[in-house]
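Chemist: Please find one structure pasted underneath; my questions will follow.
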Amino acid sequence: MSEQFAFILQAKTRPEMSDAFEQLFRPYVEPSRQEPGCIEYHMLRDKEDPSLFLFFEVWADKAALDVHSALPHMAEFFENRMKYLERDFDLQMIDMLSASSANR
């Protein structure tokens with residue numbers, strides 16, 4: 001059995017691109033949650049710094065995330081991400097210490 005793959009991704013956008021970044025990604029939250037292997041998928045925006053977005057994601061395993069990352073819209077964004085970002089993603093790998101609340 002594979003281990004869950006969980007992380008927090010920080011996306012520090014260029015201030016002038018923050019709203020465009022939100023408009024681009026917000027519609028993908030619900031479809032991402034429906035993908036096989038998605039356990040948790042949350043997009044958050046910092047209240048004090050509106051150019052900072054966080055993604056909290058938990059996938060059944062790395063293979064499920066790889067399928068998600070290979071989707072055309074994700075691959076296209078990854079290639080063009082620096083148009084939106086002030087610096088590249090900060091990725092923090094995490095271990096889930098509690099059960100998912102997604103299905104409660």
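Values in this text are rule-based calculations from the coordinates and carry no lab data. Here the structure is a predicted model, which means the values were calculated and not measured. Note that each Cβ is placed from the backbone with ideal geometry, even for glycine, and that neighbours are counted across all protein chains shown.
Chemist: Pull up all non-local amide H partners of A6: gap of 5 or more, or a different chain, and H-to-H distance under 5 Å with H placed in the peptide plane.
Modeler: Here W59, I94 satisfy the definition.
Chemist: Which Cα, out of L71, Q23, L97, lies furthest along the positive dipole direction of the chain (beta carbon charges, K/R +1, D/E -1)?
Modeler: Q23
Chemist: In percent, what relative contact order does the chain have, based on Cα pairs under 8 Å that are 6 or more apart in sequence?
Modeler: Values: 150 pairs, mean separation 44.2, N = 104.
Reported relative contact order: 42 percent.
Chemist: Next question. Quick one: among D19, D90, D46, which has the greatest mean-square fluctuation in a GNM of the chain with alpha-carbon springs under 10 angstrom?
Modeler: Of D19, D90, D46, the most mobile in the Gaussian network model is D46.
Chemist: While we're looking at this one, here's another question. For Q10 and A63, what is the calculated FRET efficiency with R₀ set at 25 Å and r taken between the beta-carbons, to the nearest 0.05?
Modeler: Between Q10 and A63 the formula returns 0.55.
Chemist: While we're on this one: From zero outward in steps of 10 Å, how is the percent of C-alpha pairs of the chain spread across the bins?
Modeler: 14, 47, 32, 7, 0
Chemist: Below 14 angstrom from the Cβ of A60, what's the summed charge of the other residues (Lys, Arg +1; Asp, Glu -1)?
Modeler: On the way: positive: R33, K62; negative: E3, E35, E40, E57, D61, D66.
Within the 14 Å Cβ shell, the charges total -4.
Chemist: Taking amide H positions as placed in the peptide plane 1.01 Å from N, state which residues far from L85 in sequence (5 or more) or on other chains have amide H under 5 Å from it.
Modeler: Result for L85 returns R14.
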